[in-house]
Amino acid sequence: MDDLLKIEGLKAKVEDTEILNGIDLTIGRGEVHVIMGPNGAGKSTLGSCIIGDPRYVKTGGHITFKGEDITDAPTDKIAKMGVFLSFQNPIEVPGITLANFIRTALELKTGERIRMWDFRKSLEATMKLLGMDTSYADRDLNVGFSGGEKKKAEILQLLMLKPDLAILDETDSGLDVDAVHIVSKGVEEYKKQVGGALLIITHSTRILEALHVDKTHVLVDGRIVDHGDAGLVNEINDNGFERFINCENCKNDDCEVKKKLNDAK
Amino acid sequence: MLSNDHLPARTWEWLKVNDIDLKDTNGLLASATVNEHNIPAGGAGETPVYIDCKVGGTESPASLHNFNIEAGASGTVIQFITTDGGNDLSGDFVLQNRYHIASGGSFTLIQVQNLNDGWKFYNDCSGVCDDGATFRRIQIVLGGGYTYMGEFCDLTGEKSRFICDIGYNIGGTHNLDMNYVADHHGKNSGSDIHVSGVMSDHASKIFRGTIDFHRGCAGAKGAEIEEVLLLDDTIENKTVPLILCDEEDVEGSHGATIGRLDENLILYMKSRGIDEDEIYTMMAHARIDSVASLIPDMEARDRVSEMICGPIERECLRK
């Protein structure tokens, strides 16, 4: 399978704090990857670095998307190339309606004017799929939305913008069971309609239930300390991250943290 | 005489924020004819009256209108002030509106200004609201060289109201000078002045908002709110709120939000493929849209929409 995203030796810091300490990750077209890890491990930072958040300074390594180096590319260019980041805390955009926001983003992505009638039809059909009241289309984006509606609005954008790679940063956090189900359904629909790749940052398995997970990665202290198939997700759910934090029990002999610990011994 | 520079205190001189000279307008006003408009008692002007001021063509350099709203009547007037002819035209134009709203009457004045940068525009408005009368003013400023605009609303009547919403988007070297006074005399009278604008390039703006509570206006409430989005470091922005109080039982407030777009908001929009220029354009238009959406007449709203959407014709859509 073609490499869609390739991350090699990525190091990043915010202000003076190193957060990513050499990440290697390759995602093929249409693959579903899951990133798990304890709080503060650098999971969200990884998503932010891929999308080009300028607040994170990349101090080493490269990110390639569709064969093009995007390590230092501006966020809007990366997004136009087909990367989508679903924010953990979606931002309120006063004055811009949800419909106008998505339509503008679509027009800029495709370079074509979109007929209002066609757009509206497609938007409302997608909103219904996500159980969203269509009146939200004419409300200012995320302004006064509940936590659940904000997350649904993120998935709505995902379905409308049809990116090649979607990074979901704890999209399921803070949602009740019904909302998680709807969001999961939206992600499943994205796979079905677009066939794009997914990088899912999560603490729970509920959002993964309807998906075939190709790879699971465990991120600890800014490094990927282990990886495996979907079974690793269940193992972490059962046993937590203890064995990855206490590296002695880690199965990954290539793990830099483990090597360092062994060297120290 | 215009009332753009009238204030019942010497505060501005001390602050040195009142350097405009309105003497030149006297000659222009003297030569203008006065248009009288009357809405009879009990009449409801459901259809708005359009007054198109096409500046620079055959239009007189001054336009004067007196509106008399009789008891219980209501009416809406929409004034579009645009340039008639080429962009190289320049000159002075004075628009003066006077109103008297009798008891229980209501009057809405909507003004949309889209002049080219060669024009010096004096936009003056003042009037009196009797008991229970309401004056509603909606103003949108999209273009011009020098714009001096103001309002002196005499809230004489009990429970009289002055509601004013202003939206502006100024760039280039546009100089916008605003002076708005809510003059509270009536008991339980109310005023709300809301100004929302965007400044770019070398534009300069001064907003003076005065709420004047006179003795006897017990129970009166006045509020003024200003929101300014600054897009460049080269702009000059001044805000002079003033609340004068000669009565104890009143509530007056002022709030201002002046700044740039939040970096989280910019990142969020960029993460959807929207570049920085487009983000600023969208946010600037959003400010005008929020005021335009208050216009009750759809035809007028469409005209405003056309005026503000023109510049956002995207490069990628021109093929």
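The values are calculated or read from the model by the stated rules, or taken from the named source; none is laboratory data. Only a predicted model underlies this, so the values are computations on that prediction, with no experimental measurement involved. Cβ coordinates were reconstructed from backbone atoms using ideal geometry, including for glycine residues, and neighbour counts include every protein chain displayed.
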Report the residue count in the stretch B:189-219 for those that are over 20 Å from B:I258 (Cβ atoms) and surrounded by fewer than 19 Cβ atoms within 10 Å (Cβ to Cβ). 4
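Does B:G86 satisfy being modelled with pLDDT under 95 and on the phi > 0 side of the Ramachandran plot?
No.
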Of the residues in the stretch A:200-243, those that are under 20 Å from A:K6 (Cα atoms) and assigned to a helix (DSSP H, G or I) come to none
Check the stretch A:140-150 and report whether any residue there is of a type in the set (D, E), in contact with a strand residue (DSSP E or B) (Cβ under 7 Å, 6 or more places away or on another chain) and more than 9 Å from chain B (Cβ to nearest Cβ). no
Only one residue in B:L267, B:L294, B:L229, B:L261 is within 11 Å of chain A (Cβ to nearest Cβ) and touching a strand residue (DSSP E or B) at 6+ places or on another chain (Cβ under 6 Å). Which one? B:L229
Among the candidates A:L159, A:L208, residue that is in contact with a Phe, Trp or Tyr (Cβ under 7 Å, 6 or more places away or on another chain), surrounded by 15 or more Cβ atoms within 10 Å (Cβ to Cβ), among the hydrophobic types (A, V, I, L, M, F, W, C) and farther than 30 Å from A:K13 by Cβ: A:L159
Filtering the stretch A:186-199 down to residues that are in contact (Cβ under 8 Å) with a residue 60 or more places away in the chain and either in contact with a His (Cβ under 6 Å, 6 or more places away or on another chain) or more than 17 Å from A:D3 (Cα to Cα) (or both) yields A:E189, A:K191, A:L199
Quick one: which strands (runs of 3 or more DSSP E) lie wholly within the stretch A:15-129 and hold at least 1 residues that are within 12 Å of chain B (Cβ to nearest Cβ)? A:83-86, A:93-97
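Here's the yes/no breakdown for (1) of a type outside the set (F, W, Y); (2) more than 24 Å from B:I206 (Cα to Cα); (3) at pLDDT 85 or above; (4) not in a helix (DSSP H, G or I):
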| position | (1), (2), (3), (4) |
| --- | --- |
| B:L265 | yes, yes, yes, no |
| B:I274 | yes, yes, yes, yes |
| B:E278 | yes, yes, yes, no |
| B:T281 | yes, no, yes, no |
| B:A286 | yes, no, yes, no |
| B:I295 | yes, yes, yes, yes |
| B:A300 | yes, yes, yes, no |
| B:C309 | yes, yes, no, no |
| B:C316 | yes, yes, no, no |
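The rows are residues; the columns are (1) at the interface with chain A (Cβ under 8 Å from one of its Cβ atoms); (2) buried (at least 16 other Cβ atoms within 10 Å of the Cβ); (3) in contact with a strand residue (DSSP E or B) (Cβ under 9 Å, 6 or more places away or on another chain).
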position	(1), (2), (3)
B:S271	yes, yes, yes
B:R287	yes, yes, yes
B:M298	no, no, no
B:V304	no, yes, yes
Restricting attention to the stretch B:116-138, and to residues there that are closer than 16 Å to B:F162 by Cβ and among the hydrophobic types (A, V, I, L, M, F, W, C), which single residue is farthest from the chain's Cα centre (by Cα)? B:A133
Tell me, please, whether a residue that is under 24 Å from the mean Cα position of the chain (by Cα) and within 22 Å of B:E306 (Cβ to Cβ) can be found in the stretch B:265-280. yes
Please tell me if A:K66 is touching a Cys at 6+ places or on another chain (Cβ under 7 Å), modelled with pLDDT of 95 or more and farther than 21 Å from A:L156 by Cα. no
